[in-house]
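Each remark here refers to the structure printed beneath this line.
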Amino acid sequence: MPDSDSKPGRHRAKGRRRKPNAGRGKALRLVAWSAAGIVVLGGTGLGYVYFKLNGNIKSVDINQALGTDRPDDVDNGSQDILVLGSDSRAGSNKKAGGGTDDGSARSDTAMVVHVYKGHKKASIVSIPRDTLIERPSCTDKDGTEHPAQNDVMFNSAYSTGGAACAVKTVESMSGIRMDHYVEVDFSGFQDLIDDLGGVEVTTSKAIDDPDSHLQLDAGTHKLDGKQALGLVRTRHGVGDGSDLGRIQLQQAFMKALMDQIKHVGVFSNPKKLYDLADTATKSVTTDSELASVKNLTSFAGGLKGIGSNDMNMVTMPVQYDAADANRVLVDQTKSDQVWKALKADKAIPKSAGEGTATGTADGVLK
């Protein structure tokens, strides 16, 4: 499949930073992985609420929606999970996310989580929402078919055809079949952080972003759910205001969240245990194969040995779009290195990130 950065007239704008755009600071990031991990707690000492927790889970039948037109299902002991965070303003998400409920949602967060054979380590590839891509044809939940389209933002796949279209788009880009799908929403993320008792982070610089309602001095902070949501959404209060910088913050926060989960002590507190399991199961939408407490417990149990030091976090290689400072283009050569490594269940080579576009928020969060 030809990629969009091979078109005439497109080249990297050297030294150019993307302009902040107040209408795009709406993302929920990187936390569905942790939400899924929390669900494992639901299987411990909580049999009496099994059916309630089971009823919390929402699901999408990705296999039925996509049929056989997918990459081969490679059985090498690894797993690939597409994790999305949507910016829907429906229901309680309106208060958490701000803005207006216009009836639509976009995948303002997307990452491919590759769990290596043995389930001792993982690579996580964040896909910038503003990447211009070739979206394949998709059928939405009402049965309307949307023809393939070129040079559209990656996050438009979700708004066009929902979860199935997002999965199909990622599989088209990567050549890797997604084994599972997990989605988390604004309010669920916020509640999850509060149930955990907050997450401790250290900022090397002050962050002041009125769009995400976040103000933090340089130093160590115990973030509650509202502050944590502001942090993973912020792009204007730190760095160059780009989505790439925001991804850097999100990846650092993800590691802090993973470390926090290990020290919560929920097994000695039945109420906290239940609250976390209840929030986690309410927060996620999964593929139909994961849509039960039993299956989520089994799935998450296979991941719980992976700590923050066992995760390699990268951003899909991109270059700035010379035609629009607020967009990026797939660096096809470098991206191929990433996807080929994961398909072969190998480590992503460092060369895949060399010479690609990056944000300027690296090291702001510790």
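The values are calculated or read from the model by the stated rules, or taken from the named source; none is laboratory data. Note that this is a predicted model, so its numbers are computed, not measured. Neighbour counts are summed over all protein chains in view; Cβ atoms, including those assigned to glycine, are modelled from backbone coordinates with ideal geometry. Only protein heavy atoms, including side chains, enter the accessible area calculation; ligands, DNA and RNA are left aside. Shrake-Rupley method; radii C 1.70, N 1.55, O 1.52, S 1.80 Å.
Within the range 171-187, if we keep just the residues that are closer than 17 Å to Asn155 by Cβ and small (Gly, Ala, Ser), the residue that is most open to solvent (accessible area, probe 1.4 Å) turns out to be Ser172. Can you tell me which residue in the range 314-326 is farthest from Val115 (Cα to Cα), limited to those that are in contact (Cβ under 8 Å) with a residue 60 or more places away in the chain and surrounded by 20 or more Cβ atoms within 10 Å (Cβ to Cβ)? My answer is Asp321.
Against the condition open to solvent by less than 30 Å² (accessible area, probe 1.4 Å) and of a type outside the set (A, V, I, L, M), how does Thr285 come out, does it pass? It would help to see each step written out before you state the result.
Working: open to solvent by less than 30 Å² (accessible area, probe 1.4 Å): yes; of a type outside the set (A, V, I, L, M): yes.
So Thr285 passes the test.
Sort out which residues of the range 120-148 are in contact (Cβ under 8 Å) with a residue 60 or more places away in the chain and part of a strand (DSSP E or B), and write them in order of number.
From the range 120-148, those in contact (Cβ under 8 Å) with a residue 60 or more places away in the chain are 120-134, 139; that's our starting set.
Within the range 120-148, Ala122, Ser123, Ile124, Val125, Ser126, Thr131, Leu132, Ile133, Glu134, Thr139 qualify.
Condition first: in a helix (DSSP H, G or I), buried (at least 20 other Cβ atoms within 10 Å of the Cβ) and modelled with pLDDT of 95 or more. Can you find one or more residues in the range 85-107 that meet it? No - not one qualifying residue is present in the range 85-107. Does Val328 satisfy the condition of being within 21 Å of the chain's Cα centre (by Cα), assigned to a helix (DSSP H, G or I) and of a type in the set (Val, Ile, Thr)? In short, no.
Suppose the filter is open to solvent by 50 Å² or more (accessible area, probe 1.4 Å) and either without any contact (Cβ under 8 Å) to a residue 24 or more places away in the chain or not polar (S, T, N, Q) (or both); does Asp224 pass it? Walk me through it before giving the result.
Working: open to solvent by 50 Å² or more (accessible area, probe 1.4 Å): yes; either without any contact (Cβ under 8 Å) to a residue 24 or more places away in the chain or not polar (S, T, N, Q) (or both): yes.
Judged against the criteria, Asp224 is a match.
Residue check: is Lys334 modelled with pLDDT of 95 or more, farther than 24 Å from Gly77 by Cα, of a type in the set (Lys, Arg) and assigned to a helix (DSSP H, G or I)? Yes: the conditions hold for Lys334.
Is the range 117-129 home to any residue that is touching an Asp or Glu at 6+ places or on another chain (Cβ under 9 Å), more than 29 Å from Leu303 (Cα to Cα) and either open to solvent by 40 Å² or more (accessible area, probe 1.4 Å) or of a type outside the set (Lys, Arg) (or both)?
First, pick out the residues of the range 117-129 that are touching an Asp or Glu at 6+ places or on another chain (Cβ under 9 Å): 117, 120-122, 128-129.
Subsequent filtering for residues that are more than 29 Å from Leu303 (Cα to Cα) retains none.
No, the conditions are met nowhere in the range 117-129.
Do we find that Ala300 is over 13 Å from Ala122 (Cα atoms), open to solvent by less than 10 Å² (accessible area, probe 1.4 Å), outside any loop (DSSP other than H, G, I, E, B) and small (Gly, Ala, Ser) in this structure? Yes, satisfied.
Here's a check for you: in the range 194-221, which residue that is in a helix (DSSP H, G or I) and modelled with pLDDT under 90 is surrounded by the fewest Cβ atoms within 10 Å (Cβ to Cβ)? Reasoning before the result, please.
Initial filter on the range 194-221 (in a helix (DSSP H, G or I)): 194-196.
Those left that are additionally modelled with pLDDT under 90: 195-196.
Working: Asp195: 21, Leu196: 23.
Within the range 194-221, the match that is surrounded by the fewest Cβ atoms within 10 Å (Cβ to Cβ) is Asp195.
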